[in-house]
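Here the structure is laid out as structure tokens; the discussion comes afterwards.
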Amino acid sequence: ASPSAPSVSSSHSGAELGPPVTFTCKSGGFSPRDIAVTWLKKGAKLPAPQPRVLPEHESVSYNMSSTVSRA
């Protein structure tokens, strides 16, 4: 099955200065479990941890969440 359209949210409050902003991408309903997420900033790949894929056991479909922070 194909993943749902990704949904991206951020912790940005609208202030110009402040703590780093965190972005989270979520998608679900895909199978097999393998999925890749690439975060880009102005075309350059950002380092990010592997996405979290649930459930951890074998299933007919999976959901994933990937988070990256930027200063």
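The values are calculated or read from the model by the stated rules, or taken from the named source; none is laboratory data. Predicted model only: the values in this text are computed from it and were never measured. Cβ: placed from backbone, ideal geometry, glycine included. Neighbour counts: every protein chain shown. The protein model used for the area step is the full one, side chains on, heavy atoms only, and it has no ligands, DNA or RNA in it. Shrake-Rupley method; radii C 1.70, N 1.55, O 1.52, S 1.80 Å.
Here are the numbers for the structure shown:
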| read-out | value |
| --- | --- |
| Karplus-derived HN-Hα couplings along segment 28-39 (A = 6.51, B = -1.76, C = 1.60, θ = phi - 60°), whole Hz, x at Gly and Pro | x, x, 10, 7, x, 5, 5, 8, 10, 10, 10, 9 |
| Solvent-accessible area per residue, Å², over the chain with all protein chains present [probe radius 1.4 Å] | 75 Å² |
| Mean projected area in nm² (Cα convex hull; one quarter of hull surface) for the chain | 5.5 nm² |
| Distant-in-sequence amide H partners of Asn63 (H built 1.01 Å from N, under 5 Å) | Gly29, Leu54 |
| Sparse-neighbourhood loop sites, trypsin sites (Lys or Arg not before Pro) in segment 17-71 - DSSP loop, at most 13 other Cβ within 10 angstrom | Lys42 |
| Positive dipole terminus of the chain, leading residue within Leu40, Leu54, Ser10 (C-beta point charges) | Leu40 |
| Accessible surface of segment 21-67 [probe 1.4 Å, protein heavy atoms]: carbon and sulfur percent | 54 percent |
